[in-house]
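J.: Okay, here's the structure, questions in a sec.
The values are calculated or read from the model by the stated rules, or taken from the named source; none is laboratory data. This one's a predicted model, so the numbers in the text were calculated from it and none came from an experiment. Neighbour counts are summed over all protein chains in view; Cβ atoms, including those assigned to glycine, are modelled from backbone coordinates with ideal geometry. The area values use the complete protein model at the heavy-atom level, side chains included, leaving out ligands, DNA and RNA. Shrake-Rupley method; radii C 1.70, N 1.55, O 1.52, S 1.80 Å.
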Amino acid sequence: MDQPPGHPVPPVIGVGVPYPTAGGAGPYQAYQNLFHQQQQQQQQQLQLFWADQYREIEQTTDFRNHSLPLARIKKIMKADEDVRMIAAEAPVVFARACEMFILELTHRSWAHAEENKRRTLQKNDIAAAISRTDVFDFLIDIVPREEGKEDVAHALGAPSGDPLSYYYVPK
Amino acid sequence: MESPDEKQHEDCGGGGGGSGSGIKEQDRLLPIANVGRIMKQILPPNGKISKEAKETMQECVSEFISFVTGEASEKCHKEKRKTVNGDDICWALNALGFDDYVEPMRRYLQKYREMEGDRVASSSSSSSAAARDQTGAAGAAPFAFHPMDRNN
């Protein structure tokens, strides 16, 4: 692999896969199998990701410099009328939690970009990651419905970029 | 009983001077530069990010903060506490299903309290700032309910 550690590339699906013309479960099953394989690999990558996060936190010594501005975080917290006092540690905790959140959502979104053979992360990649991840349900209103819908076909095993994917849309 | 808490945060005006009529548009989002930088960290070297994706991520993070804060704040309200602290946030992350976040963030919070406890203890004579609803520092260092002085 010519990727730096921590950025393994899952195999690209849909290139060079033979499409038997006979009926039966052939190509559909093949897509399903490959999709599940890809999912498994993504799961493994995510496990590595979380292990990395924990390790980084273990090594943290600088609690004064953050990748996100604490004052802005506090402002967002205070937008909630029910919030009164905020302990100094709260925005600090959020700064790190938000960093993890951005990393996780980006990681999942990137998987979608790669499935579509793109090297630029787009809004619809984030939409896909949101629709695929239960814990991100609260974000569903941020991304338009159309961009999440394409994953219906994909969930059945057809890669989004595949010109033959329309064969696999259920009746 | 909660009066030490009142000293624990300042109303900082740096970077986003508030208007009288509530939060300005840009104040409800984290800066796009910071967000973009973090996103880049997890992408391969040749990965690029569209501007729209960064903007979407900004919205998602703010929603994340609001979502978790709301849950934490509700807990405080139920327990008749006025101050949202780090434990409440960890609790909310757990309650809302962010299972993978809980252990790392609890550890982060623990480390932060240890560090800041040492800092406060060494810079002034110890105060009675420790709150009852904390579980952290097993040692003698008082808790970090001190004014925030690390704004960007």
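J.: Considering only segment A:114-133, how many residues are surrounded by fewer than 24 Cβ atoms within 10 Å (Cβ to Cβ), assigned to a helix (DSSP H, G or I) and at the interface with another protein chain (Cβ under 7 Å from one of its Cβ atoms)?
T.: The number of residues fulfilling the criteria is 1.
J.: So, in segment B:93-103, how many residues would count as being surrounded by fewer than 23 Cβ atoms within 10 Å (Cβ to Cβ) and in contact with a Phe, Trp or Tyr (Cβ under 9 Å, 6 or more places away or on another chain)? Break it down into steps so the answer makes sense when it comes.
T.: Step one: list which residues in segment B:93-103 are surrounded by fewer than 23 Cβ atoms within 10 Å (Cβ to Cβ), which gives B:94-100, B:102-103.
Then drop every residue that is not in contact with a Phe, Trp or Tyr (Cβ under 9 Å, 6 or more places away or on another chain), which leaves B:94, B:96, B:98, B:100, B:102-103.
Residues that pass the stated criteria total 6.
Okay, residues lined up against (1) polar (S, T, N, Q); (2) at pLDDT below 95; (3) under 28 Å from residue A:51 (Cβ atoms); (4) not in a loop (DSSP other than H, G, I, E, B):
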residue	(1), (2), (3), (4)
B:26	yes, yes, no, yes
B:38	no, no, yes, yes
B:80	no, no, no, no
B:87	no, no, yes, yes
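J.: Confirm whether residue A:37 is surrounded by fewer than 19 Cβ atoms within 10 Å (Cβ to Cβ) and of a type outside the set (Phe, Trp, Tyr). Step through it out loud before you land on a result.
T.: On the way: surrounded by fewer than 19 Cβ atoms within 10 Å (Cβ to Cβ): yes; of a type outside the set (Phe, Trp, Tyr): yes.
Answer is yes for this residue.
J.: Take the residues in segment A:137-148 that are part of a helix (DSSP H, G or I) and at the interface with another protein chain (Cβ under 8 Å from one of its Cβ atoms); name whichever of them is nearest to residue B:48 (Cα to Cα). So that I can check it myself, show each step before the final result.
T.: Filtering segment A:137-148 for residues part of a helix (DSSP H, G or I) gives A:137-139, A:145-148.
If we keep only those that are at the interface with another protein chain (Cβ under 8 Å from one of its Cβ atoms) as well, we get A:138-139.
Numbers: A:138: 26, A:139: 23 Å.
Residue satisfying both the conditions and the ranking: A:139.
J.: Mind listing whichever residues of segment B:5-23 are surrounded by 13 or more Cβ atoms within 10 Å (Cβ to Cβ) and at pLDDT 55 or above?
T.: Within segment B:5-23, B:23 is the sole residue that qualifies.
J.: For segment A:61-74, which positions are open to solvent by less than 20 Å² (accessible area, probe 1.4 Å), assigned to a loop (DSSP other than H, G, I, E, B) and modelled with pLDDT of 95 or more? Before the answer, list the steps.
T.: As a first pass, look at segment A:61-74 and keep what is open to solvent by less than 20 Å² (accessible area, probe 1.4 Å): A:63, A:68-71, A:73-74.
From the residues that got through so far, the ones that are assigned to a loop (DSSP other than H, G, I, E, B) too are A:63, A:68-69.
Those that are open to solvent by less than 20 Å² (accessible area, probe 1.4 Å), assigned to a loop (DSSP other than H, G, I, E, B) and modelled with pLDDT of 95 or more: A:68, A:69.
J.: Go through (1) open to solvent by less than 20 Å² (accessible area, probe 1.4 Å); (2) free of Cβ contacts under 8 Å to residues at least 60 places away in the same chain one by one and return the number of the condition residue A:111 breaks.
T.: Evaluating residue A:111 over (1) open to solvent by less than 20 Å² (accessible area, probe 1.4 Å); (2) free of Cβ contacts under 8 Å to residues at least 60 places away in the same chain leaves (2) as the failure.
J.: Could I ask something else about it? Take segment B:78-92 and flag every residue that is within 7 Å of chain A (Cβ to nearest Cβ) and surrounded by fewer than 20 Cβ atoms within 10 Å (Cβ to Cβ).
T.: B:82
J.: Condition first: over 22 Å from residue A:137 (Cβ atoms) and open to solvent by less than 10 Å² (accessible area, probe 1.4 Å). Can you find one or more residues in segment B:56-73 that meet it? Break it down into steps so the answer makes sense when it comes.
T.: First pass over segment B:56-73, keeping only residues over 22 Å from residue A:137 (Cβ atoms): none.
No, because not a single residue in segment B:56-73 is over 22 Å from residue A:137 (Cβ atoms) and open to solvent by less than 10 Å² (accessible area, probe 1.4 Å).
J.: A further question follows. Looking at segment A:30-50, can you tell me whether even one residue there is facing another protein chain (nearest Cβ under 7 Å) and either over 21 Å from residue B:119 (Cβ atoms) or outside any helix (DSSP H, G or I) (or both)? First the steps, then the outcome.
T.: From segment A:30-50, those facing another protein chain (nearest Cβ under 7 Å) are A:50; that's our starting set.
Those left that are additionally either over 21 Å from residue B:119 (Cβ atoms) or outside any helix (DSSP H, G or I) (or both): A:50.
Yes - at least one qualifying residue is present in segment A:30-50.
J.: Please go through segment A:51-60 and pick out each residue that is farther than 17 Å from residue A:111 by Cβ and either open to solvent by 30 Å² or more (accessible area, probe 1.4 Å) or more than 9 Å from chain B (Cβ to nearest Cβ) (or both).
T.: Of segment A:51-60, the ones farther than 17 Å from residue A:111 by Cβ are A:51, A:53-60.
Scanning segment A:51-60 gives A:51, A:54, A:55, A:56, A:58, A:59.
J.: If you take the residues of segment A:75-108 that are more than 7 Å from chain B (Cβ to nearest Cβ) and at pLDDT 95 or above, which of them is most open to solvent (accessible area, probe 1.4 Å)? Before you say what the answer is, go through the steps one by one.
T.: Filtering segment A:75-108 down to residues more than 7 Å from chain B (Cβ to nearest Cβ) leaves A:78, A:81, A:91, A:95, A:104, A:108.
From what is left, the residues that are at pLDDT 95 or above are A:78, A:91, A:95, A:104, A:108.
Values: A:78: 77, A:91: 0, A:95: 3, A:104: 5, A:108: 43 Å².
The extreme case among them is A:78.
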